[in-house]
């Protein structure tokens, strides 16, 4: 369980070599809604990036200043895959690299809903880094699947954005107040 999981208090106990038992606890916000607003902004940006151009089996296509097409580097971004579009939109929204995470989580949960899972949360708690990497790879495989269309990809982004917006609407603006998770060590 991670410290920003929904409405939990996490207590970690360990015994130091001196025999003193140290407890660390986090009291977290009752919801993860502080992740929803950035997720929604990045998803809206992702849609705009994908509407410009989409591709499969590559991250991006850029027109370099000299006119050549390249997979990366400076120049005009022409087309991206789903995951690269999220990264691009997050970069445009906020220079903080962690802005990508909530949008990827929302997309992956929307994809699971399409696959028949009953996903209750639009963004969910923060997954461990390895899990998020696996989710990004799953989204990339889904993007690259034979028969996948540009409309399918835009539809998934729109579905994720609608789910996030619906959760924000349901819980209301008062739920956007944050109570940051702070570790509070105490010796026993």
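The values are calculated or read from the model by the stated rules, or taken from the named source; none is laboratory data. Quantities reported herein were computed from a predicted structural model and do not represent experimental measurements. Methodologically, a virtual Cβ is constructed for each residue, glycine included, from the backbone with ideal geometry; neighbour enumeration extends over all protein chains shown.
Give me a count of the residues in the stretch 119-139 that are over 15 Å from residue 166 (Cβ atoms) and without any contact (Cβ under 8 Å) to a residue 40 or more places away in the chain.
Final tally of qualifying residues: 9.
Give the residues of the stretch 100-123 that are over 14 Å from residue 157 (Cα atoms) and surrounded by 13 or more Cβ atoms within 10 Å (Cβ to Cβ), sorted by residue number. Lay out the reasoning, then the answer.
The initial filter retains those residues of the stretch 100-123 that are over 14 Å from residue 157 (Cα atoms), namely 101, 115-121.
Once the filter is applied, which keeps residues that are over 14 Å from residue 157 (Cα atoms) and surrounded by 13 or more Cβ atoms within 10 Å (Cβ to Cβ), the stretch 100-123 yields 101, 119, 121.
One line per residue, one yes/no per condition, for (1) part of a loop (DSSP other than H, G, I, E, B); (2) surrounded by 13 or more Cβ atoms within 10 Å (Cβ to Cβ); (3) modelled with pLDDT under 95:
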| site | (1), (2), (3) |
| --- | --- |
| 6 | yes, yes, yes |
| 11 | no, no, yes |
| 14 | no, no, yes |
| 25 | no, yes, yes |
| 45 | no, yes, no |
| 50 | no, yes, no |
| 73 | yes, no, yes |
| 85 | no, yes, no |
| 98 | no, no, yes |
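From (1) farther than 14 Å from residue 156 by Cβ; (2) surrounded by 15 or more Cβ atoms within 10 Å (Cβ to Cβ); (3) in contact (Cβ under 8 Å) with a residue 40 or more places away in the chain, pick out the condition that doesn't hold for residue 62.
(3)
Taking the conditions exactly as written (over 21 Å from residue 121 (Cβ atoms), more than 20 Å from the chain's Cα centre (by Cα) and modelled with pLDDT of 95 or more), does residue 61 satisfy them or not?
Judged against the criteria, residue 61 is a match.
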